[in-house]
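Below: the structure, in structure tokens.
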Amino acid sequence: MTTTPPTTELAKQYRPEDVESEVAKRWHHANAFHAEPSPPQASGLRPRPYSIVIPPPNVTAALHMGHALNNTLQDILTRWHRMLGDNAMWMPGTDHAGIATQTVVDKRLQAEGQPALKDYKKLEAEGKPGREQFIDKVQAWKDEYEGVITGQLKSMGCSCDWERQRFTMDPQCAKAVREAFFRLFKDGLIYRGKRLVNWDPVTQTALADDEVEMQDVDGSFWYMKYPIIDDNGKPTGEYVTVATTRPETMLGDTAVAVNPRDTVRGKYIGKRVELPIVGRHIPIVGDDYVVIPDPDSDDAKAKMASGFLKVTPAHDPNDWEIGQRQALDVINVMAPDASISKDHGWDDFDRWLDRPTADKETLNALLGQSREQARKTIVKWFEAKGLLEDTKPYRHAVGHSYRSHVPVEPYLSDQWYVKVTDDRLRGAAIDAMVPDQRTELFEPYLYDRNMSRKQTAQDTPDKLRPEKADWHDQLRFYPERYARTFQQWHENLRDWCISRQLWWGHRIPVWKRTTFHKLVNPENGAAEDSRLNVEERIETINGVEVAYQRRWEADGCEYEFICVPHGHPDIEEGLERLGYEQDPDVLDTWFSSGLWPLSTLGWPGDTAELNTWNPTDVLCTAREIITLWVSRMVMFNTYLHGKLPFRDVFIHAMIQDGHGQKMSKSLGNGVDPNDIIHSHGADAMRFTLTSMTTQTQDVRMPVDMVCPHTQKTFTPKFITTGSSQSRVAAPIQDSPFAKGKQMTSSFGVASGQAKATKEAPLARNTSEKFDYGRNFANKLWNATRFALSNIEEATAPAPGGNDTGEPSLADKWITARAIEAVQAADKALGSYDFHNYAQSLYGFIWNDLCDWYIEAVKGTVKQNATTRRVLATMIDVSLRLLHPTMPFITEKLWDRLNAVAPERGVEGLTLPSSELLVSASWPKADPGAIDQDAEASFARVQDAVAMVREVRATNKVPPRQQVDVSVKVSDEVYAKLKPNQGVLETLANVKVVAVGPNVEKPADAAAVVRPNIEVYLHGQLDSESEKTRLTKRAEELEKQIKNLRGRLSNESYVSKAPEKLVNETKQHLADAESEAEKVAEQLTGLG
RNA sequence: GGGCCAUUAGCGCAGUUGGCUAGCGCGCCUCGUUGACAUCGAGGAGGUCACUGGUUCAAGUCCAGUAUGGCCCACCA
């Protein structure tokens, strides 16, 4: 068997497609990404655990570049810590993403003309298993995309522990959800409440807050007069004027509110008004939510306000809260389709019809009218009666359904809530923050929105700012500005509505029974205050503890709720036989993802995984998710497990397209990482993304397309789409290269506007941004190829050669640079400074190693064993340092390096051998081994080389033509330069014919000068270019000298600036003056 | 409405606690292919650091404000 030389085995250019799958296979066979929990504490040699849980991508669609960035960074950290010897584990998985996935699947079914959600709902209503059938469809979608996502992550080289992959709805996560719900329910932290939800009247479903799109609309402010009445209900002739953008809701008004601090209008508090059209008598109440009018204010509301606020608790979230504070009636005047109706809670419809302003005819006409019609009817009525004081145009934001695009109607319904405002949850989250990132409350108030009153900070003195002895187990944000976002979110938190009227999700584990059990006040027929009739207790059924809640609601019904813990189907069946039904709703997606660091590690079991890897070390995510997800994980993990879910939160930039728009699945402007891997390779993509990761909050990535017919790249045609005027690639593009041929853009496919066909195939995306990483990968590839071939072709030392067994200046210099590169990488990675990690390695490898060291040793390395060892060591260090960000190419080259140069390592760099790079140890560098003299001396050589090159370039000396030079140097510099004459000769392609302090300049020589050195290039005198060059230099020096002298003549500078700095300035001045002198000399010599 | 970010060369971006002549990549100009790499090498041009004030011996950097662009959050008087 013959061994093939690696130089022929390695292609001249790096071809990722030849390497990536092969390397991935080797990792797989070595099971390199798998970790086992660390053994119990007893062993002193227990490796430090390190863990990251992936922010589980939604199974709605394939990953885009934002995910590629997110996961590249996590992989860098995981691979780095694995190499550091930590017991590193990266937990992969996906999120079921309730409404998003359900909606996507429904859309797809509709588009394909298959039975969709609506049809399955119909089946369900007929008592047939529609729900199950629909969930099967979603499940199939999930399986497909989970596979796509997993494939994408693997193509990127993500070193996740794939054996542990989880899904937020798999049995293990389901168990955690049941347990968490049960514990929170039992502890009174989950309750059922009537609240306003975002109601979509067209699709007739509740929407999550993030499914509501805010759109600015041109509306009006209507100023409507309500008559004041006296104690006998007689109009006093006075009026109050309420201002509203939604006149139609006045039918449900149950109060008018005034700010008690309002000196002008406060006196009306306690009086009553008669609601026009309806005739209802309603109170004027005091509430400091009301804005006091101020025509001079910059605040639009203060400018427009009348000081009287109509309060409609059933149709406005603010009014609902005022209603809660003031114990007002709640009157819902709309049907689920948002038409006016008296059948959904408008119980007093007939009661006030004998009042003077009541208008039965209009009222009856209003019934059945849409919101919009009713608005017109009512405005017209007020106008006709002279009760419309004014109308002003007003532009404001209105929530619209992202599905039907109609305005969302706040609608009263029963929902489950987590009492996150409780100190056990919110308080714990704020407590978890590391004190130096926590700010004092800017306002002396903590606005507790659920309690609906302002509490002074003194009411809750110690809960917000406890003294903690141990700061190490606290939450720290990188960059730290996001700590503020986190804190402010919690300070303004409202209870979290966790029930969703969906089918795709974790079913709420509560069985309920409703009994008609009217508790009414016999005096006025009103329901008893339900808040007085709540009962909570633990009951035992068949030896199992279940949580029981019973409450009487205003509708006169008794509600019983029983929450059953996980694993007792017998009890569930028993309850169903007793007439209990499981709540049909499912949990908000974030409920299960909030448990992610727990559920994936086996909680609620007491598992070794949990004990080893929770808390995880860092959560790596984009800032949009701080509130939705980070907060909930902190609250759940601390409450349920007594620990933080993670210690660090690293927030990285969001990737925007070339137009500054966020890459998102819904907009369809995302770029598939596989496209970039196809055009540039996984490592190039990863390295570029790494170097793009600065502290900034957005990065732009202009996207090009690859013509599928010609494989050529071009900038696509863009179109404007949607209400937000987004710029996206046109769904169908003409090929600019192949006449008459067309292609489909990824936007076309993602948005459903086009379909890839044989005639118009899907075009991949690419971006020239990634050329950066591709070129760098190629550079590394070739540097290694060169090093290996030289090592392989080693020859015996030349007689009288330079292999003294001692490292040369260049060897010592590159070793120093390598040690510094290790230090820089450690520092950067330790502070999540990915840009500098990439940048310093790029500089070390390209500039130091390739441009200088390899060029310097090129001619001698084959005969010099010492240099060969240094060179092999440099490749070794480079591959190790680069491996976290460029795992494929480094692993491939590592294999060749091991084969060709198994002996590596120099003083100051500890590099234990390893078969696979993925499990090799991170380089250990001893800064004490840095030879600073060597660094300084080599810098002089570099300077001299640069000088010669400059003259050669300006005089147009061909690179191949060797030039004789003589060098005039001081004794001091001479001593250092002399042994390295060869390096100078190699790098500048010159022959040094004379060197020393007394060298004379030949008449035909061009001269370059520095303070301590002059180089004469024989036969290169071109008076013209020489004059130009020297004159330019003289001008530069003059400017510099003037600047430095000015600084030194400034007395306060000399006296106040640090002495070191002043001395440096003096040295610079001396150098500049000396050089200027020499330059002047040369110019004089030229005549 | 609240919060945050950006503004540095034609383009995309660095610039750490204030301190030498403000850097990097792409692009541009000149030169260069007989063995690491043209996905390359050598050299070069190109910036009054958005604007206005302030603090300081010293400001791209700190403070205040202005302008422009962008992001996140927010309950529709």
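The values are calculated or read from the model by the stated rules, or taken from the named source; none is laboratory data. Predicted model only: the values in this text are computed from it and were never measured. All Cβ positions, even for glycine, are placed from backbone atoms using ideal geometry, and neighbour counts span all protein chains on display. With ligands, DNA and RNA removed, areas are computed over all heavy atoms of the protein, side chains included. Shrake-Rupley method; radii C 1.70, N 1.55, O 1.52, S 1.80 Å.
Taken over the stretch A:305-396, the convex hull of the Cα atoms encloses 141 Å³ per residue. Remark: the A:Ala140-A:Glu536 segment gains 138.5 nm on full extension, using 0.36 nm per residue and subtracting the alpha carbon distance.
Taking every Cα-Cα distance in the stretch A:892-934 and sorting them into 10 Å bins from zero, the calculated P(r) comes out as 26, 46, 23, 6 percent.
Distance from the C-alpha centroid of the stretch A:234-254 to that of the stretch A:131-158: 54 Å, rounded to the whole angstrom.
If you wrap the stretch A:545-584 in the convex hull of its Cα atoms and look at it from every side, the mean projected area works out to 3.3 nm².
How large is the Kirkwood hydrodynamic radius of the stretch A:994-1044, in angstrom, based on all distinct alpha carbon pairs? Please list the in-between numbers first.
Values: mean 1/r = 0.0816 Å⁻¹.
Result for the stretch A:994-1044 stands at 12.3 Å.
Kirkwood hydrodynamic radius of the stretch A:914-1056, from the reciprocal of the average inverse Cα-Cα distance over all distinct pairs: 18.0 Å. Calculated from the alpha-carbon coordinates, the stretch A:868-940 shows an Rg and a Dmax of 13.2, 40 Å respectively. Can you pull a Stokes-Einstein diffusion coefficient for the stretch A:985-1087 at 20 °C (1.002 mPa s), Rh from Kirkwood over Cα pairs, as a whole number of µm²/s? My calculation gives 138 µm²/s for D. Shown is the FRET efficiency for A:Ala125 and A:Thr607, computed with R0 = 41 Å from the Cβ-Cβ distance and rounded to the nearest 0.05: 0.45.
Placing a label point 7 Å from the Cα of A:Gln215 along the Cα-to-Cβ line, the residues of the stretch A:650-686 whose backbone N sits under 16 Å from it are A:667. So which of A:Lys392/A:Lys662; A:Lys186/A:Lys310; A:Lys25/A:Lys142; A:Lys107/A:Lys342; A:Lys717/A:Lys769; A:Lys741/A:Lys892 end up more than 29 Å apart, counting from Cα to Cα? Beyond 29 Å between Cα atoms: A:Lys392/A:Lys662; A:Lys186/A:Lys310; A:Lys107/A:Lys342; A:Lys741/A:Lys892. Calculated [222 nm] ellipticity per residue, helices only, for chain A: -11500 deg cm²/dmol; basis is -39500 (n - 2.57) per DSSP H run with n ≥ 4, divided by all residues, nearest 500. Ligands, DNA and RNA left out, the 1.4 Å accessible surface of chain A is 48% carbon and sulfur atoms. Binning all Cα-Cα separations of the stretch A:78-126 at 5 Å, short to long from zero, yields these whole-percent fractions: 4, 17, 13, 13, 10, 6, 6, 7, 7, 7, 7, 2, 0. Accessible surface computed residue by residue for the stretch A:733-891, with neighbouring protein chains in place and a 1.4 Å probe, gives 38 Å² per residue.
Between the stretch A:714-783 and the stretch A:87-119, the alpha-carbon centres lie 25 Å apart.
Model label points for A:Lys779 and A:Arg700, set 7 angstrom from Cα along the Cα-to-Cβ axis, are 2.5 nm apart. Placing a label point 7 Å from the Cα of A:Gln501 along the Cα-to-Cβ direction, the residues of the stretch A:210-243 with a backbone N closer than 18 Å are A:210-213. Our Cα-only numbers for the stretch A:593-651 put the radius of gyration and Dmax at 10.9, 33 Å. Comparing A:Ser1074, A:Gly543, A:Ala140 along the charge dipole axis of chain A, the residue lying farthest to the positive side is A:Ser1074, per the Cβ-charge model. Counting lysine pairs in the stretch A:193-272 whose alpha carbons fall under 19 angstrom apart, excluding pairs fewer than 8 residues apart on the same chain, gives 5.
Applying the Kirkwood pairwise sum to the alpha-carbon positions of the stretch A:229-289 produces a hydrodynamic radius of 12.2 angstrom.
What fraction, in whole percent, of alpha-carbon pairs in chain A exceed 47 Å separation?
Details: 279763 of 590241 pairs.
Tail of P(r) above 47 Å: 47 percent of Cα pairs.
Spherically averaged projected area of the convex hull of Cα atoms, the stretch A:142-260: 16.2 nm². DSSP bridge analysis restricted to chain A gives an antiparallel fraction near 75%, rounded to the nearest 5. Here the stretch A:961-1032 has an Rg and Dmax of 12.1, 35 Å, counting Cα atoms alone. Screening chain A for whole DSSP H helices with an alpha carbon extent of at least 27 angstrom along the helix axis and a mean Kyte-Doolittle hydropathy of at least -0.5 yields A:809-830, A:932-954. Cα centroid separation, the stretch A:189-223 to the stretch A:850-925: 61 Å. The simple spin-label model puts a point 7 Å past each Cα toward its Cβ; for A:Glu806 and A:Thr627 those points are separated by 6.8 nm. For the stretch A:667-740, the spread of Cα positions along the three principal axes, ordered from largest to smallest, is 43, 34, 15 Å. At the listed q of 0.15, 0.17 Å⁻¹, the Debye profile of the stretch A:822-954, built from one uniform point per Cα, gives log10 I(q)/I(0) equal to -0.82, -1.03.
May I have the convex hull volume per residue, in Å³, for the Cα set of the stretch A:558-705?
Numbers: hull volume 29.7 nm³, N = 148.
Cα convex hull per residue, to the nearest whole number: 201 Å³.
Ignoring the sites themselves, chain A has its longest run without chymotrypsin sites (Phe, Trp or Tyr not before Pro) in a DSSP loop having at most 16 other Cβ atoms within 10 Å at A:738-1087.
I'd like to check one number: the per residue accessible area of the stretch A:136-220, probe 1.4 Å, reported in Å² as a whole number.
Value for the stretch A:136-220: 39 Å² per residue.
The eigenvalues of the Cα gyration tensor, multiplied by 5 and square-rooted, give the stretch A:114-167 an equivalent ellipsoid with semi-axes of 35, 11, 5 Å from largest to smallest.
Counting 0.36 nm for each residue step from A:Glu1059 to A:Gln13 and taking away their Cα separation leaves a gain of 371.3 nm. Amide H contacts of A:Ser51 (H built 1.01 Å from N, in plane; Pro and chain starts excluded): A:Met89, A:Asp617, A:Val618 sit under 5 Å, all sequence-distant by 5 or more or on other chains. Per-residue Karplus couplings for the stretch A:965-978, computed as 6.51 cos²θ - 1.76 cosθ + 1.60 with θ equal to phi - 60°, are listed in order as 9, 10, 10, 9, 9, 5, 4, 4, 6, 4, 4, 7, 7, 3 Hz, Gly and Pro entered as x.
Ranking A:Asp216, A:Asp1022, A:Asp588 by solvent-accessible area of protein heavy atoms (1.4 Å probe, all protein chains present), from largest to smallest, gives A:Asp216, A:Asp1022, A:Asp588.
Residues whose amide H comes within less than 5 Å of that of A:His566, counting only those at least five positions distant or on another chain, are A:Glu179 (H built at 1.01 Å from N in the peptide plane).
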